[in-house]
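First comes the structure, then the notes that go with it.
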Amino acid sequence: MRKIIFTTILILFCVNSFAQNMMQSQYGSSASGLNSDRFDRNGNPIDTTAVNDASTIPVGLSSWTIDERFGNKTTVPVDTLLFGFQNSNDNGGPTGHYTYLGNLGSPRISHVFFERAETTQEFFTDPYDFALITPSKLIYTNTKSPFTNLTYYKHGAGKRSEERFKAYFAVNANKRLGFGFNIDYIYGRGKYMNQSTAQFNGNLFAYYHGDKYDMHFSLINDNIKVTENGGIVDDRYITHPLDMADGGREYKSYEIQTNLQDIWNKNTGYHAFLTHRYNLGFYKDETSENDTIVREVFVPVTSFIHTVKVDMNKRQYISYDDNQNREYFENHYLGTDSTDVTKYMSVKNTVGISLREGFNKWAKAGLTAFLSFEHRRFSMTDSIEGSAGQFMRDYKENTLSVGGQLIKSQGKTLHYDVLGEIAILGEDIGQFNIEGKGDLNFRLFNDTVRLDVNAYVKNVNPAFYYRHFHSKHYWWDNNLSMINRTKIEGKLSIDHWRTQLQAGVENITNYTYLDNVSVGYADQNNEDVKTYNNNVAVKQNPGSIQVFSAKLRQDFQLGILHLDNEVVYQKSSNNNVLPLPELVLYHNLYLRAKLAKKVLSVELGADVRYFTQYYAPDYAPAIGQFYLQNPETKYKLGGYPLVNAYINLHLKRTRFFLMMYNLVQGTGERSYFFAPHYPLNPRGLKLGLSWNFFD
């Protein structure tokens, strides 16, 4: 870990020095201002009290993301937030919305249903969204001087510590061409036995912004290796520790036996993405509001768009199949010495023509028509123990779809984006998607009110690995129906009151999920009945399931005293198939002040994460996915307040925090399990340091 950090810092220092000299020769020493953005990456209003003064962000620095279909830009804030840094590395999310296995970098799934992403063709890496970057999440930066960020997190010390190191670098070759890279290394040694995680992810990016030609490119590599321990053998080591060892002592977390050993899941992925467009238009003279200088500005009228996305992933399940592991799984299709590997590759091309918004007073919205073709190939084991041999079988799928988009993004009052797409040929024929979102901004009692609405109707072909999967312990080939989803959701935001109210409802037909189909068996003397922990099958619920959700965010302030609150209420119409906690809560009480002549910003407080008891999803280590608990042994989890106390400091370009994690570490029935048999990490000290370099 120290070698990686030192090498990265040395490389960044050398590149930064070279780039600074190059930038000075290109730009000189002057700088021009940029428009600021008042909304975060999710489109929510930014609390302006929680961002740096303009003086802390150099003039000429801006950031944005792009959408994967057309390459449209969305401005995002530069990463210089004063507050909330202590929650930026929380595997459970900044407000604790995720079930996870305790360790940093472990798989996770949201308690809040509306935050769960749809299952993708990259099935095995879906639960690792905590660290993985996709082209739509990658941040591009335009900067007059080289920009570098180094961030380091640590939890605990010694052989059981968790560490994360991130490095981000961006530079411009000239006013139109920029590039950079991002490195993210996670090493969670694990507070419990056989629990380590190791992730090394990185990406390169480049862009070019010309009047007639525009381009964004990224190359992403992700490497994930997770040790699977199947959870602890007896929850009483956590819930009732004095019952163990006849009350003689309490076991340390790393002394507690686990169900599995010598088992790993390993994923390696490569993702190349290119979106570019050629614009037809005209030049016109324009005068800025602050001066009388006339500038020639290009106005695009029509754009020809091409986007190509290539994804490759190799997933390998490694198991030294000893007796302990054999008892954990019901089926062993491939025998002891076998290769359990599956590979995925996809190439998707999208071409479109767009009539651009705003090129004259009649063009109030932009209109785009597009066509997409995707080729997918999957390889997996296709033999059963005792057969002639083990071999790899290829599955090939092709899909051709057409669609259109109507969008209005300019102006201050009303914005909307309506998109429709339907598959007309290939594996996904009949799949369609109609979705729309919009926002209305208006004045009310001398304040700005924002009303957001989004809705969709979808008919979705289940992901390939729901339909076919062959492996060491699970084997299925399913003929599944299309999943139909209908949703409408609205959000009301009032900045001055620090209030957000959000509510929505979704109906799902043919809901597709992973179920536990473990069966009981008797031992040789028919005296003891055991139940396998881990046998998985794909199921569809033929009827409809409705989910209602409402969320209130309300923050209060009295001088330097702050109280931030978030309450989520949700209800599932079928808790046997789709169990959800009815309440998910987050509260943060803290003091916020500026010291040392208002140069040092300090935040001192404690926050709590809580969700009501429910049949939380179990975890299947052989495929790294969450699934329903065994109905014969299921039990409820939740009702435990996870409390963290912290101090967060910000001095110019440096952020630092100290946190005492799991402060009220408790025992009893409501103990610190989020997933069955996977306890959270015990009480420990966390720290984080982030340093920005702007020159």
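The values are calculated or read from the model by the stated rules, or taken from the named source; none is laboratory data. Source: prediction; values computed, not measured. Here the Cβ positions follow ideal geometry from the backbone for every residue, glycine too, while neighbour counts run over all protein chains shown.
For region 550-561, indicate whether the set of residues that are in a strand (DSSP E or B) and among the polar types (S, T, N, Q) is non-empty. Show your work before the answer.
Filtering region 550-561 down to residues in a strand (DSSP E or B) leaves 550-558, 561.
Checking which are among the polar types (S, T, N, Q) leaves us with 554, 557.
The answer is yes; a qualifying residue exists.
Which of the residues spanning region 424-469 are at positive phi and in a strand (DSSP E or B)? If you could, list the steps in order and put the result at the bottom.
Keep residues of region 424-469 that are at positive phi, which gives 426, 430, 445-446.
Of everything in region 424-469, just one residue is at positive phi and in a strand (DSSP E or B), namely Gly426.
Residues checked against (1) over 29 Å from Leu604 (Cβ atoms); (2) among the aromatic types (Phe, Trp, Tyr):
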position: Gln86; (1), (2): no, no
position: Gly102; (1), (2): no, no
position: His111; (1), (2): no, no
position: Thr125; (1), (2): yes, no
position: Tyr140; (1), (2): yes, yes
position: Lys166; (1), (2): no, no
position: Ala170; (1), (2): yes, no
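So for region 639-647 (the condition being modelled with pLDDT under 95, within 25 Å of Tyr465 (Cβ to Cβ) and not in a strand (DSSP E or B)), does at least one residue qualify?
No, there is no match, as no residue in region 639-647 is modelled with pLDDT under 95, within 25 Å of Tyr465 (Cβ to Cβ) and not in a strand (DSSP E or B).
Give the residue that is modelled with the lowest pLDDT, with candidates limited to residues of region 332-347 that are touching a helix residue (DSSP H, G or I) at 6+ places or on another chain (Cβ under 9 Å) and in a loop (DSSP other than H, G, I, E, B). Before the answer, list the steps.
Narrowing region 332-347 to residues touching a helix residue (DSSP H, G or I) at 6+ places or on another chain (Cβ under 9 Å): 332, 336, 342, 344.
Still in the list and also in a loop (DSSP other than H, G, I, E, B): 332, 336.
Details: His332: 82, Thr336: 65.
Taking the candidates together, the pick is Thr336.
Among the hydroxyl-bearing types (Ser, Thr, Tyr) and without any contact (Cβ under 8 Å) to a residue 12 or more places away in the chain - does that describe any residue in region 293-307? Break it down into steps so the answer makes sense when it comes.
Restricting attention to region 293-307, the residues satisfying the condition of being among the hydroxyl-bearing types (Ser, Thr, Tyr) are 302-303, 307.
Among the residues that remain, those that are also without any contact (Cβ under 8 Å) to a residue 12 or more places away in the chain are: none.
Looking for residues that are among the hydroxyl-bearing types (Ser, Thr, Tyr) and without any contact (Cβ under 8 Å) to a residue 12 or more places away in the chain, one finds none in region 293-307, hence no.
For region 399-427, which residues satisfy the criterion of being over 15 Å from Asp67 (Cα atoms), of a type in the set (Gly, Ala, Ser) and modelled with pLDDT under 95?
Result: Gly411, single match.
So if I check each of Glu357, Glu385, which one is at pLDDT 80 or above, out of contact with any Asp or Glu (no Cβ under 8 Å at 6 or more places or on another chain) and farther than 21 Å from Lys266 by Cβ?
Glu357
Pull out all pairs, ordered by first then second residue, where Cβ-Cβ is under 7 Å, the residues are six or more apart or on different chains, the first lies in region 348-361 and is farther than 11 Å from Ser303 by Cβ, and the second is of a type in the set (Lys, Arg) and surrounded by 15 or more Cβ atoms within 10 Å (Cβ to Cβ).
Lys348/Lys309; Thr350/Arg69
Would you pick out the residues in region 491-521 that are out of contact with any Gly (no Cβ under 8 Å at 6 or more places or on another chain), among the small types (Gly, Ala, Ser), closer than 26 Å to Asn575 by Cα and in a strand (DSSP E or B)? Before the answer, list the steps.
So the first thing to find is which residues in region 491-521 are out of contact with any Gly (no Cβ under 8 Å at 6 or more places or on another chain), and the list is 491-501, 505-508, 510-521.
When the remaining residues are screened for being among the small types (Gly, Ala, Ser), the result is 493, 518, 520.
Then keep just the ones that are closer than 26 Å to Asn575 by Cα; that gives 518, 520.
The answer is Gly520, and nothing else.
Between residues in region 71-89 that are farther than 25 Å from Lys154 by Cβ and among the hydrophobic types (A, V, I, L, M, F, W, C) and residues that are assigned to a loop (DSSP other than H, G, I, E, B) and at pLDDT 90 or above, which pairs lie under 9 Å by C-beta distance while being six or more apart or on different chains?
Val76/Ile139
Within region 235-264, count every residue that is part of a helix (DSSP H, G or I) and either closer than 16 Å to Tyr328 by Cβ or small (Gly, Ala, Ser) (or both).
Going residue by residue through region 235-264, those that are part of a helix (DSSP H, G or I) are 236-239, 241-247, 253-255.
Remaining after also requiring either closer than 16 Å to Tyr328 by Cβ or small (Gly, Ala, Ser) (or both): 245, 247, 253.
Looking only at that region, the number is 3.
Tell me yes or no: at least one residue of region 576-598 is within 30 Å of Tyr474 (Cβ to Cβ) and among the small types (Gly, Ala, Ser). Break it down stepwise before answering.
If we filter region 576-598 for residues that are within 30 Å of Tyr474 (Cβ to Cβ), which is where we start, we get 576-581.
Filter again for among the small types (Gly, Ala, Ser), leaving none.
Checked against the condition, which is being within 30 Å of Tyr474 (Cβ to Cβ) and among the small types (Gly, Ala, Ser), region 576-598 yields no hits at all.
Among the numbered conditions (1) out of contact with any Lys or Arg (no Cβ under 8 Å at 6 or more places or on another chain); (2) of a type outside the set (D, E, K, R); (3) buried (at least 22 other Cβ atoms within 10 Å of the Cβ), tell me where Ala596 comes up short.
If we test Ala596 against (1) out of contact with any Lys or Arg (no Cβ under 8 Å at 6 or more places or on another chain); (2) of a type outside the set (D, E, K, R); (3) buried (at least 22 other Cβ atoms within 10 Å of the Cβ), just (3) comes out false.
Just to be sure before I move on: is Leu61 crowded, with 17+ Cβ neighbours inside 10 Å, modelled with pLDDT under 95 and in contact with a Ser or Thr (Cβ under 6 Å, 6 or more places away or on another chain) in the structure I sent?
Numbers: crowded, with 17+ Cβ neighbours inside 10 Å: yes; modelled with pLDDT under 95: yes; in contact with a Ser or Thr (Cβ under 6 Å, 6 or more places away or on another chain): yes.
Against the criterion (crowded, with 17+ Cβ neighbours inside 10 Å, modelled with pLDDT under 95 and in contact with a Ser or Thr (Cβ under 6 Å, 6 or more places away or on another chain)), Leu61 qualifies.
Would you mind finding the one in Tyr511, Tyr532, Tyr521, Tyr474 that is at pLDDT 95 or above and either hydroxyl-bearing (Ser, Thr, Tyr) or surrounded by 19 or more Cβ atoms within 10 Å (Cβ to Cβ) (or both)? So that I can check it myself, show each step before the final result.
On the way: Tyr532 fails: at pLDDT 95 or above; Tyr521 fails: at pLDDT 95 or above; Tyr474 fails: at pLDDT 95 or above.
That would be Tyr511, the only listed residue that is at pLDDT 95 or above and either hydroxyl-bearing (Ser, Thr, Tyr) or surrounded by 19 or more Cβ atoms within 10 Å (Cβ to Cβ) (or both).
Within region 477-490, track down each residue that is exposed (fewer than 15 other Cβ atoms within 10 Å of the Cβ), assigned to a strand (DSSP E or B) and in contact with a helix residue (DSSP H, G or I) (Cβ under 9 Å, 6 or more places away or on another chain).
Asp477, the sole residue that qualifies.
I'd like the full set of residues that are within 23 Å of the chain's Cα centre (by Cα) and in contact (Cβ under 8 Å) with a residue 40 or more places away in the chain, limited to region 455-482.
Result: Val460, Pro462, Ala463, Phe464, Tyr465, Tyr466.
Which pairs do you get when a residue that is assigned to a strand (DSSP E or B), found in region 592-618, comes within reach of a residue that is surrounded by fewer than 19 Cβ atoms within 10 Å (Cβ to Cβ) and small (Gly, Ala, Ser), reach meaning Cβ atoms under 7 angstrom, with the pair 6+ apart or on two chains?
Listed pairs, sorted by first residue: Val602/Ala593; Ala606/Ala645.
For Gln546, only one of the following conditions fails: (1) surrounded by fewer than 18 Cβ atoms within 10 Å (Cβ to Cβ); (2) part of a strand (DSSP E or B); (3) at pLDDT below 95. What is its number?
(3)
Being crowded, with 19+ Cβ neighbours inside 10 Å and either outside any loop (DSSP other than H, G, I, E, B) or in contact with a Cys (Cβ under 7 Å, 6 or more places away or on another chain) (or both) is the requirement here; does Ser671 meet it? Explain how you work it out, then say what you get.
Details: crowded, with 19+ Cβ neighbours inside 10 Å: yes; either outside any loop (DSSP other than H, G, I, E, B) or in contact with a Cys (Cβ under 7 Å, 6 or more places away or on another chain) (or both): no.
So Ser671 fails the test.
How many residues does region 656-695 contain that are within 25 Å of the chain's Cα centre (by Cα) and over 23 Å from Val608 (Cβ atoms)?
5
With respect to the numbered conditions (1) buried (at least 22 other Cβ atoms within 10 Å of the Cβ); (2) of a type in the set (S, T, N, Q); (3) touching a residue at least 60 places away in the same chain (Cβ under 8 Å), which one is the sole condition not fulfilled by Thr119?
If we test Thr119 against (1) buried (at least 22 other Cβ atoms within 10 Å of the Cβ); (2) of a type in the set (S, T, N, Q); (3) touching a residue at least 60 places away in the same chain (Cβ under 8 Å), just (1) comes out false.
Using the structure shown, decide if Ile318 is of a type in the set (A, V, I, L, M, F, W, C) and surrounded by fewer than 12 Cβ atoms within 10 Å (Cβ to Cβ).
no
Search region 412-423 for residues that are in a strand (DSSP E or B) and pair each with any residue that is surrounded by 15 or more Cβ atoms within 10 Å (Cβ to Cβ) and β-branched (Val, Ile, Thr) when their beta-carbon atoms are under 6 Å apart and the residues are at least 6 apart or on different chains.
Filtered contacts from region 412-423: Asp417/Ile407; Gly420/Ile434; Ala423/Thr399.
Which one of these does Met380 not meet: (1) among the aliphatic types (A, V, I, L, M); (2) touching a residue at least 60 places away in the same chain (Cβ under 8 Å); (3) surrounded by fewer than 19 Cβ atoms within 10 Å (Cβ to Cβ)?
(3)
Taking the condition of being touching an Asp or Glu at 6+ places or on another chain (Cβ under 6 Å) and either without any contact (Cβ under 8 Å) to a residue 60 or more places away in the chain or over 22 Å from Phe123 (Cβ atoms) (or both), how many residues in region 216-272 meet it?
Of the residues in region 216-272, 2 are touching an Asp or Glu at 6+ places or on another chain (Cβ under 6 Å) and either without any contact (Cβ under 8 Å) to a residue 60 or more places away in the chain or over 22 Å from Phe123 (Cβ atoms) (or both).
In region 552-583, how many are within 26 Å of His496 (Cβ to Cβ) and in contact (Cβ under 8 Å) with a residue 24 or more places away in the chain?
Filtering region 552-583 down to residues within 26 Å of His496 (Cβ to Cβ) leaves 552-569.
From what is left, the residues that are in contact (Cβ under 8 Å) with a residue 24 or more places away in the chain are 552-557, 560-564, 566, 568.
Residues that pass the stated criteria total 13.
Among (1) buried (at least 20 other Cβ atoms within 10 Å of the Cβ); (2) touching a His at 6+ places or on another chain (Cβ under 9 Å), there is one condition Tyr208 misses while meeting the rest; what is its number?
Among (1) buried (at least 20 other Cβ atoms within 10 Å of the Cβ); (2) touching a His at 6+ places or on another chain (Cβ under 9 Å), Tyr208 violates only (1).
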